[in-house]
Amino acid sequence: MPAVLRELTRPDAQTALDELLALIKSGKRIALLCYCRDPRACHRDRIVAAVKERLRVKADDLIPTLL
């Protein structure tokens, strides 16, 4: 199992994911940010996948043009 997926199984990560799900359910718009330029090579992709397993949500990547 990749390290990122293992990290998501930790109790503290599950608590954070539950908090994220609660924010989404409340109707708030959520932005996941980090320094990775390409979201397909980033942990955000794994977090969005975990959210989509639990909720029907739409997620958009705001990808700048890669030079």
Exercise for review: Give me the pairs, please: first residue somewhere in segment 1-20 and at pLDDT below 85, second residue anywhere and in a helix (DSSP H, G or I) and loosely packed, with under 13 Cβ neighbours inside 10 Å, beta-carbon distance under 9 Å, and either six or more positions apart or on two chains.
Suggested key: Leu8/Gln14
Point to revise | Selected residue [in contact with a Lys or Arg (Cβ under 8 Å, 6 or more places away or on another chain) and at pLDDT 85 or above] from Leu23, Leu32 | key: Leu32
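Please state which one of Arg40, Arg46 is assigned to a helix (DSSP H, G or I), on the phi < 0 side of the Ramachandran plot, loosely packed, with under 12 Cβ neighbours inside 10 Å and modelled with pLDDT under 90.
Arg40
The values are calculated or read from the model by the stated rules, or taken from the named source; none is laboratory data. None of the values given here were measured: they were computed from a predicted structure. We place every Cβ from the backbone using ideal geometry, glycine too, and count neighbours over all the protein chains shown.
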